[in-house]
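What follows draws every value from the coordinates through simple rules; no lab data is involved. Bear in mind that the values here come from a model prediction, so they are computed numbers and not experimental data. As a convention, Cβ positions derive from the backbone with ideal geometry for all residues, glycine included, and neighbour counts pool all protein chains shown.
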Amino acid sequence: MTISKAIKEKISALSDGELSDFETRRVLDEIDINPELREYWKKLQISKTAFKNESLIFETADVSSAVSRELGKSFNSPSILRESFLTKQKNYIGLALASCLLVLVYNVQTFDSKPNTFPELASQKISEAIASPQSMEVLNNSITGLNAELQTLQSDPKGSLRANYLLPSTGKTFNVSLSPINFSSSLSSKGASRIAYLRTKDGVFVISVSGNITAEKKLEILQNANFFANNLNK
Amino acid sequence: MKDIKKKISNKEIDLSLVRRAKKGDYRAFDLLVLKYQSRVIATAFKFVKEKQLAEDIAQEAFIKSYKSIDSFREESSFYTWVYRIAVNTAKNYLVSSKRRDELVISDLSTDDSFYPEKLDVDSPQEILKASELRDLIFETLSSLGEETRTALSLREFDGLSYEEIAEIVQCPVGTVRSRIFRGREMIEEVVGKHMDKNLINQNTKIS
């Protein structure tokens, strides 16, 4: 029996409550370094759910990554890696859009030392990049009424742009992201808490909201974003 | 008569993970999230009738439960505890968003066997996929060798402990553990292929 199989057998026993505390700790150590074992646990739960005659409708949903992120923990999920790999191959047009965003973000970051004018400048640069003059306006307006302060603006290599906000009244943080749809397919189901779509003449972008705020606030942000996006589309 | 370890309750199964989580081991808590997330989402869905929102509520419920896990006194099962948190989170959401009229008043039992398929799920494709997956799992179970199938069935359907199964089929506990694992491996392969197929379909649709 390979090491992996031996550990999997222990995970199987753990799922039945048949493992000692010592063995449980060892299994957790193994899962920590081998994300496939975490995936194995997940699949085990699916079959267990089926055997209990419970619904499998929500089995593909996964909030675990979002929960760990919100709590400041992180895991290497092979499913996320696999999706990234598949997504990378998908759409060259998306890649071009992402490149535009990357260029824009590079430019935008030079304005980081001027937080007061930053949103307007970012808006301008994003508008240039995705050829939708009011697109940043949608993001800015999405936080209307929340009294949120923009903290930082970040990008990732896939071209997503993320604005991080702080609610001074509560100290809570959240972020609003703009991503080309091709690179946010995994985001829609795993990463972001809430998403909305912004259609521009150059394609569809995803606006997502996640962070340490309530579901109601996230919904409010997206409703704001949708409202302005819809107005733009008229 | 030999004292055989009886049926293991869900509460007992989770206990080692819960206690580790209480000591700050997030990995243990993560396994509990993976175990119960679909059920918690299904519970939230009963209230809000929207999948994405249900996921948000489930997410919040797990975050709240981790932050307050020290207050979990192990009198109920971990799932029951998280279930209550999820229900309260969903109710609070509905109240705060002035959607009281959509509140499902009916008793949402903590009974393990409930069927969200019976609710107004507006995605026939998802129901179909779930149904296909269930059929595949049961077909695979049926195709297992008798010893493997018996051990796995006694565990999954009758909830018997390994020790009790060993007594019934008259073999060592270690053999029971191996047989159950072997059966699950076969099923895991089927589940994995099904999930990969759906993932490819999803990506194809997106592009």
I need the phi-derived Karplus couplings for the range B:33-45: 6.51 cos²θ - 1.76 cosθ + 1.60, θ = phi - 60°, integer Hz, Gly and Pro marked x.
4, 4, 5, 10, 4, 5, 5, 5, 4, 4, 5, 5, 4
Give me the dipole magnitude in Debye, nearest 20, for the range B:123-207 about the Cα centre, with unit charges on the beta carbon: positive for Lys and Arg, negative for Asp and Glu.
360
For A:Gln151, list long-range residues whose amide hydrogen, built 1.01 Å from N in the peptide plane, is under 5 Å from its own amide hydrogen.
A:Asn164, A:Tyr165, A:Leu166
Peptide A:35-44, shielding by other chains (average Cβ, 10 Å cutoff):
4
Can you work out the FRET efficiency for the pair A:Leu146 and B:Ser97, with r the C-beta to C-beta distance and R0 = 22 Å, to the nearest 0.05?
0.90
At a 10 angstrom cut-off on C-beta neighbours, averaged per residue, how do the peptides B:150-158, A:9-17, A:26-34, B:52-60 rank from highest to lowest?
B:52-60, A:9-17, B:150-158, A:26-34
Which order do B:Arg39, B:Arg73 fall in if you start with the one that has the fewest other Cβ atoms within 10 Å?
B:Arg73, B:Arg39
Peptide B:130-142, shielding by other chains (average Cβ, 10 Å cutoff):
4
Once both labels are modelled 7 Å past Cα along the beta-carbon direction, what's the B:Asn88-A:Arg25 spacing in nm?
3.2
Once a ≥ b ≥ c are taken as the square roots of the eigenvalues of the Cα gyration tensor of the range A:1-73, is the result rounded (a/c under 1.5), prolate (a/b larger than b/c) or oblate (a/b not larger than b/c)?
oblate
For a quick check: with amide H placed at 1.01 Å from N, whose amide H comes under 5 Å from B:Ser161's, ignoring anything fewer than 5 positions away on the same chain?
B:Lys7, B:Ile8
Partner chain Cβ atoms within 10 Å, averaged over the residues of B:188-195 - can you pull that number for me?
5
